[in-house]
Amino acid sequence: MFSPSIGPLFLCSQYMYLVKTPFVLRWIYPSLVWRKKTESKVIYLTFDDGPIPEVTPFVLEALEKYQAKATFFCIGDNIRKHPEVFQAVIDGGHLIGNHTFNHLRGWDTDDDVYLENFQRCQELVQTNYFRPPYGRIKKSQVSKLQEEQPGIKIIMWDVLSGDFDVNLSPEKCLKNVLKHACPGSIIVFHDSIKAFERLEYVLPRALAVWHKLGYRFETL
């Protein structure tokens, strides 16, 4: 049985998540963006939880090597703490998304509090792109966001790298993304301290493989 909220559903290591999002979730929640329909070799790289001084510049450098553009779903409080890193993301030509001000889990948060936290981040990012932290958001929160923020695009994913999983080896993390990525995939990485051991290994190697296969990397 599926929950009325959206969230990871499969046990892998100590976390509950699926690497590849099943079709049934995309069917149940059609107003959310899970992937892009395209025949072209395009991958949409996304990075959650930054900006972080120890990690985000590494990501920007890796992307620049392949002229790759990505979408960064930023936490408002991290923007407040690290405005110069946030500006570097913008200067790199990347798209900015809202990830709430305090990385709130929608399932555990009152709707009004959740929307206020979204708006607090929105004052800093001014974007139509939003990703719910943890991928967990109530249907009522979806409805209120779409009502109060016309044009909002709530972005999910079809490939979850698992880089946040401290029990996942970097090699397995790389295998996850290479196995499941396909044209139009929205892939989730995290420019966070927790994910950095896996991200540092996976991102340059995945970019090299995809580049060799003829993929290009665009913002959402």
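Can you grab the distance from the C-alpha centre of the stretch 79-144 to the C-alpha centre of the stretch 176-205, Å, no decimals?
Result: 21 Å between the Cα centres.
With N set to the residue count of the stretch 101-219, report its C-alpha Rg divided by 2.2 N^0.38 Å to two decimal places.
Details: Rg = 16.3 Å, N = 119, 2.2 N^0.38 = 13.5 Å.
With N residues counted in the stretch 101-219, Rg over 2.2 N^0.38 Å equals 1.20.
Working out 0.36 nm times the residue gap between residue 37 and residue 112, then minus their Cα-Cα distance, what length gain in nm do you get to one decimal? Working shown, then result.
Working: separation 75, 0.36 × 75 = 27.00 nm, distance 3.35 nm.
That works out to 23.6 nm of additional length.
Report the charge-dipole magnitude of the stretch 31-217 in Debye, nearest 20, computed about the Cα centre from +1 at each Lys and Arg Cβ and -1 at each Asp and Glu Cβ. Provide the component values of the computation, followed by the final result.
Details: 24 positive and 24 negative charges, 183 e Å.
With Lys and Arg at +1 and Asp and Glu at -1, about 880 debye.
At R0 = 41 Å, how high is the FRET efficiency between residue 178 and residue 81 if r is their beta carbon distance? Nearest 0.05 is fine. It would help to have the intermediate numbers written out before the result.
On the way: r = 33 Å, r/R0 = 0.82.
Efficiency, rounded to the nearest 0.05: 0.75.
Dividing the alpha-carbon Rg of the chain by 2.2 N^0.38 Å yields what? Don't skip to the answer; put the middle values down first.
Values: Rg = 16.2 Å, N = 220, 2.2 N^0.38 = 17.1 Å.
Rounded to two decimals, the normalised Rg is 0.95.
Where both residues lie in the stretch 31-217, what percent of DSSP beta bridges are antiparallel, nearest 5?
On the way: 0 of 20 bridges.
Restricted to the stretch 31-217, the bridges split so that about 0 percent are antiparallel.
Every read-out reported here was derived from the displayed coordinates using simple, explicitly stated rules and does not represent laboratory data. Please read all numbers here as calculations on a predicted model, not as lab measurements. Methodologically, a virtual Cβ is constructed for each residue, glycine included, from the backbone with ideal geometry; neighbour enumeration extends over all protein chains shown.
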